[in-house]
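Enquirer: Right, I'll just put the structure down here and ask away after.
The values are calculated or read from the model by the stated rules, or taken from the named source; none is laboratory data. Keep in mind that what you see is a predicted model, and the values were worked out from it rather than measured. When we count neighbours, we look across all protein chains shown, and the Cβ atoms used for this are built from the backbone with ideal geometry, even at glycine. Calculation scope for accessible area: heavy atoms of the full protein, side chains included, ligands and nucleic acids excluded. Shrake-Rupley method; radii C 1.70, N 1.55, O 1.52, S 1.80 Å.
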Amino acid sequence: MDPVGVAAAPPRAEAGPGPAWPSKCPWGAPKAAPMSCSLADVMSEQLAKELQLEEESAAFPEAAAVAEGPFITGENIDTSSDLMLAQMLQMEFDREYDAQLRREEKKFNGDSKVSISFENYRKVHPFDSDSSEDEVDWQDTRHDPYRADKPTTTPKKGFIGKGKDITTKHDEVVCGRKNTARMENFAPEFQVGDGIGMDLKLSNQVFNALKQHAYSEERRSARLHEKKEHSTAEKAVDPKTRLLLYKMVNSGMLETITGCISTGKESVVFHAYGGKYVHYFTNEEDKVIPPECAIKVFKTTLNEFKNRDKYIKDDYRFKDRFSKLNPRKIIRMWAEKEMHNLTRMQNAGIPCPQVVILKKHVLVMSFIGQDQAPAPKLKDVKLSGEDMKKAYYQVLNMMQQLYKECNLVHADLSEYNMLWHEGKVVWLIDVSQSVEPTHPHGLEFLFRDCRNVSQFFQKGGVTEALNERELFNAVSNLNITADNEVDFQAEIEALEKMNEDHVQKHGKKVSMFPSDGDPPNCGE
Ligand code: ADP
Ligand code: MN
C-alpha cells in the first residue's frame, strides 16, 4: 500500500469540492500531495474539523463591503445571509404572485362596468406602510411560545412497558426520538426544520453527523457574525439595512442603487435611480420619485452619535423622551429630524433635497447633481469672484429664511454642507442636527454657523461679506452690540440663560425670538 496515498487522503464526511484525484487510476498518487501527515493525523477529529473550516472559508470568502458595479439591483443581491436570502426570495415570489393576480383580475373584470377588486389577496404592499416594528429582532424570535412540546423521553429506569412489550433505551425507536429531541441543544441559528415537533427518529449515525455539522455551523456563524459587525461599523450597511434597501428596489420605488457617494462618521450616502411608486392595482402613480435619489443611511453604531448628545440632551423638549429611547430609536430620531427639517425648508422654498421617504434610519431624498455625480461642495469648487459673491448673497438669504421662516438654525453650516448645483445655486444639505433658535445652545450654534460662513466668503474674496457678528445680527435680528467676540459670546450665552430660566418658570419659550405662530414641534 502506498503510504503517501493514504496519508494524503483525509477523510471527508461531506461531498464537495474535494481534491481532484485522477479519476481513472484509484491508486495513483496526486502529483503534488497537498500535505503529508501521519495516519494518526488522518484519524484525528481535530484535523478533520480544521480541514472543514478551511473548506468553508473558501466557500464563504470575506465579502467585499461595496462591490464594483451597482450596489443593489433587482438581480444583484447580497446572498451572504441565509435569512436575508430567504426573505428576498419570498418578496420576489410575492411580487410574481401579485403580478399574476393582477392579470387575473383584469381578465375577470374585462370591460365590465362593475369590477371586482382582488386587492385583498395581494401579498406585496406598497412601500409606505410604515410598520416600523415589522422586523422583529432575530434574538426576539428565539423563544417561540408556539414551539411544539418536546417529545416524551423514556423514564430514568431505562425501560418502559411490561412483559413482551418492554422497550429499553437501546430500542431503535426510543433512541431515535431521543436523538431528535437532542437536536434542540444545537445553536439556535442551526436550522433543524420541524423535526423536533414531529415523531422523527434519527439514527445515531445521522444524529452524530448532524451534531458535527451543527458544531461547525456554529463556528462559521460566529465568524460571519464578527465580520458583519465589523462591516456595520465600516459601511453602515448591516444585513437589516441591506434588506431595507432591497425592499425599496423590490417595491419598484427605486430602480437601482448604484453605489456609495459618501462615507461619513455618522452616515453613509448612496446614489440611486428612482423607480415608480405605483399603486399595484390602480396603476396610478401615487408619488413621483425623482429620477435620481440620494439615500442617507444613518449609522447604526452608537459611538459616533455620542458627541451629538449636546444637540438634544439639554433640550427640555427631550428631557422625558431621551432617557426612554433605546439607542436604535435615537438613531432613527436623527433621520426623522432631518426629514422634518428638510420639509420645513422645502416649504419655505430654500433649495434643499426633497424628502422621498423615511424608513427607520434610512432617508431617501432627491439627488442634488446629475448622472450619479453629486453637485460639488462649496469647499471643492473654484468660483469666479462674481459667482462667489452670488453664492454669498444666496447663503445670507437662506440663513435668514431658515431662521425666520423655518424657525431653525442649521448648526453645522459650512462649505462642507453647501452644494454648488448647476453652476449657479447653493443648496443646503445635512440638517439632521438643526435646532430651533430657542434650543439651550441654539444661538451659540448660530454664531458658529455665522463664523464659518463669514470666514469662508471673506477668504474667498467677497468684500461685501459681513463679519460673523454682523451676520449673526442680520440673521437673528437680535442686535447684540458688543464689538468683540468675547463680549458678543457672553451676551449670546446670557440670552440663552434668560430663555432657559423662562422655560423653567413658565414651561414655555420666551418671546424675545421672532415668532410666527406656534412652529410645528419637529425641529428639536
Ligand atoms: P454627513 O453627516 O455624513 O456629513 P451629509 O448629509 O452631509 O452627511 O452627506 C454627506 C455627503 O453626501 C455630502 O457632502 C454630499 O456630497 C453627499 N450628499 C448628501 N445628500 C445628498 C443629496 N441629496 N444629493 C447629492 N449628494 C448628497
Ligand atoms: Mn455633511
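Enquirer: Hey, what's segment 395-500 come to in accessible area per residue, 1.4 Å probe, Å²?
Expert: Heavy-atom accessible area per residue stands at 39 Å².
Enquirer: Taking amide H positions as placed 1.01 Å from N in the peptide plane, with prolines and chain starts having none, which residues 5 or more places from G369, or on another chain, fall under 5 Å of its amide H?
Expert: The list, which skips near neighbours in sequence, is A375.
Enquirer: Right, next: Using 20 Å as the Cα-Cα cut-off, could you pick out the over-long pairs in K287/K329; K240/K276; K382/K424; K329/K359?
Expert: Pairs exceeding 20 Å: K287/K329; K240/K276.
Enquirer: Which of the trypsin sites (Lys or Arg not before Pro) across segment 375-413 are loop residues per DSSP, with 16 or fewer other Cβ within 10 Å?
Expert: The qualifying sites are K382.
Enquirer: Checking the a/c ratio against 1.5 first, then a/b against b/c, what shape does the Cα gyration tensor give for segment 362-464?
Expert: Verdict is oblate for segment 362-464.
Enquirer: Ok, one more. Going highest first, how would you order 350-356, 472-478 by mean Cβ packing within 10 Å?
Expert: Per-residue Cβ counts within 10 Å, averaged per peptide and sorted highest first, yield 350-356, 472-478.
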